[in-house]
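Below is one structure, written out as structure tokens; comments come after it.
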Amino acid sequence: MTDAAHKGSDDDLVFKALAAPLRRRMLDALKEQPLTTGALCDCFPEVDRTTVLQHLRVLEKAELVIGRRAGRERHLTLAPLPIKRIHDRWIGDYARAAVELLDRLDA
């Protein structure tokens, strides 16, 4: 697989992970502070633990969350680089193009 193809598949995993509202809420919780798996599950009392763990696996596969064992606990932290990569590749370029278009329309 070429580097570009690999990056594309990584981006697909990130977009898939970001598609679910619950996963975005999980990332928001981890943005505030690192949490243990149990504490993350406690943030979503409306959802059973198994469902939260399934969503967490998707986030970890997309490398948006890093889990580290400390004794019996798993500590979870947000990994912002995949989101930055999406921003740099997609959002930044499209925002620049939109601003340039608006500048041309104003002229």
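Points worth noting:
- Potential lengthening between Tyr94 and Ala20 on full extension [0.36 nm per residue; Cα-Cα distance subtracted]: 24.4 nm
- With the simple spin-label model, which puts each label point 7 Å out from Cα in the Cβ direction, the Glu46 to Lys31 separation comes to 1.9 nm.
- The protection proxy used here, the mean number of other Cβ atoms lying within 10 Å of each residue, ranks peptides 97-107, 52-62, 10-20 as follows, highest first: 52-62, 10-20, 97-107.
- Only Lys, Arg, Asp and Glu carry charge here, each on its Cβ (+1 for the first two, -1 for the last two); on that basis the chain has a dipole of about 460 debye about its Cα centre.
- Modelled spin-label separation between Ile86 and Arg74, with each label point placed 7 Å from Cα along the Cα-to-Cβ direction: 2.1 nm.
- At q = 0.15, 0.17, 0.19 Å⁻¹, base-10 log of I(q)/I(0) for the chain (Debye sum, equal scatterers on each alpha carbon): -0.70, -0.82, -0.94
- Of Val58, Ala20, Leu105, farthest towards positive along the dipole that unit charges on Lys, Arg, Asp, Glu beta carbons give the chain: Val58
Values in this text are rule-based calculations from the coordinates and carry no lab data. All values derive from a computational prediction rather than experimental measurement. All Cβ positions, even for glycine, are placed from backbone atoms using ideal geometry, and neighbour counts span all protein chains on display.
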